[in-house]
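**Student:** Can you keep this structure in mind? I'll have questions shortly.
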Amino acid sequence: MTDVEMLDSKIFKYGFDVPINQKADKLWSNLIEHIDAWWMNDFRALGEGSKVSLSLGENGVLVEKGTNGETLEWYRVQMCVPGKSIYLVGHVAPDWGGPTTSMLKLEIIEEDGGCRLAVSDALLGNVSKSKAEGAEDGWKQMFTAFKAYCEQ
């Protein structure tokens, strides 16, 4: 016999900007082509030595591959405007506190002397305010590491 549990569904949205002293084309290249170089070890779900990649276009995916053949799909690419923005949709399994869907948007906005990365996310499903704040804090850490990588 299976237990059936009814969970409340909520929606939380957040957004923040990361100013980056770098040209837009270089920033885009770092975001897409060099993601494994700046993706923090603390956020590698498959452990140290895993590889993170982001492919664009039809069937584009943000994926992590472990050293023993494990794979984790972080996000699917919903829409991409090359050099400008990428829309990603990801799912969190119940084992990790879901079910939850994340709709993450990353947008490069050119400004005098550099750019800013506008990050926005909407979380739908089994999510609480503290989980949403945790996700926001995690992305802030990740994109602070991205900023440091871009400005080195």
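**Student:** Looking at region 24-46 only, could you name the residues that are more than 21 Å from E70 (Cβ to Cβ) and surrounded by 14 or more Cβ atoms within 10 Å (Cβ to Cβ)? Reasoning before the result, please.
**Tutor:** Quick first cut of region 24-46, residues more than 21 Å from E70 (Cβ to Cβ) only: 24-34, 38.
Answer for region 24-46, where residues must be more than 21 Å from E70 (Cβ to Cβ) and surrounded by 14 or more Cβ atoms within 10 Å (Cβ to Cβ): A24, L27, W28, S29, N30, L31, I32, H34, W38.
**Student:** Also, quick follow-up: Go through region 7-18 and count every residue that is modelled with pLDDT under 95 and either surrounded by 14 or more Cβ atoms within 10 Å (Cβ to Cβ) or of a type outside the set (G, A, S) (or both). Explain how you work it out, then say what you get.
**Tutor:** At the first step, the residues of region 7-18 found to be modelled with pLDDT under 95 are 7-9.
Subsequent filtering for residues that are either surrounded by 14 or more Cβ atoms within 10 Å (Cβ to Cβ) or of a type outside the set (G, A, S) (or both) retains 7-8.
Total meeting the criteria: 2.
**Student:** Please work out if P19 is of a type outside the set (A, V, I, L, M) and farther than 19 Å from C150 by Cβ.
**Tutor:** Values: of a type outside the set (A, V, I, L, M): yes; farther than 19 Å from C150 by Cβ: no.
So P19 does not fit the description; no.
**Student:** Shifting gears a bit: Test T100 against the stated conditions and say whether it is more than 17 Å from A145 (Cα to Cα), surrounded by 14 or more Cβ atoms within 10 Å (Cβ to Cβ) and either touching a strand residue (DSSP E or B) at 6+ places or on another chain (Cβ under 9 Å) or without any contact (Cβ under 8 Å) to a residue 40 or more places away in the chain (or both).
**Tutor:** Values: more than 17 Å from A145 (Cα to Cα): yes; surrounded by 14 or more Cβ atoms within 10 Å (Cβ to Cβ): yes; either touching a strand residue (DSSP E or B) at 6+ places or on another chain (Cβ under 9 Å) or without any contact (Cβ under 8 Å) to a residue 40 or more places away in the chain (or both): yes.
Yes: the conditions hold for T100.
**Student:** Picking from G114, G49, G125, which residue would you name as being more than 30 Å from L7 (Cβ to Cβ) and surrounded by 12 or more Cβ atoms within 10 Å (Cβ to Cβ)?
**Tutor:** So the residue among G114, G49, G125 that is more than 30 Å from L7 (Cβ to Cβ) and surrounded by 12 or more Cβ atoms within 10 Å (Cβ to Cβ) is G114.
**Student:** Is region 112-133 home to any residue that is in contact with a strand residue (DSSP E or B) (Cβ under 8 Å, 6 or more places away or on another chain) and under 18 Å from N41 (Cβ atoms)?
**Tutor:** Checking region 112-133: not a single residue is in contact with a strand residue (DSSP E or B) (Cβ under 8 Å, 6 or more places away or on another chain) and under 18 Å from N41 (Cβ atoms).
The values are calculated or read from the model by the stated rules, or taken from the named source; none is laboratory data. Fair warning: this is a prediction, and the values are worked out from it, not measured in the lab. A quick note on method: Cβ atoms are made from the backbone with ideal geometry, for glycine too, and the neighbour counts reach across all protein chains shown.
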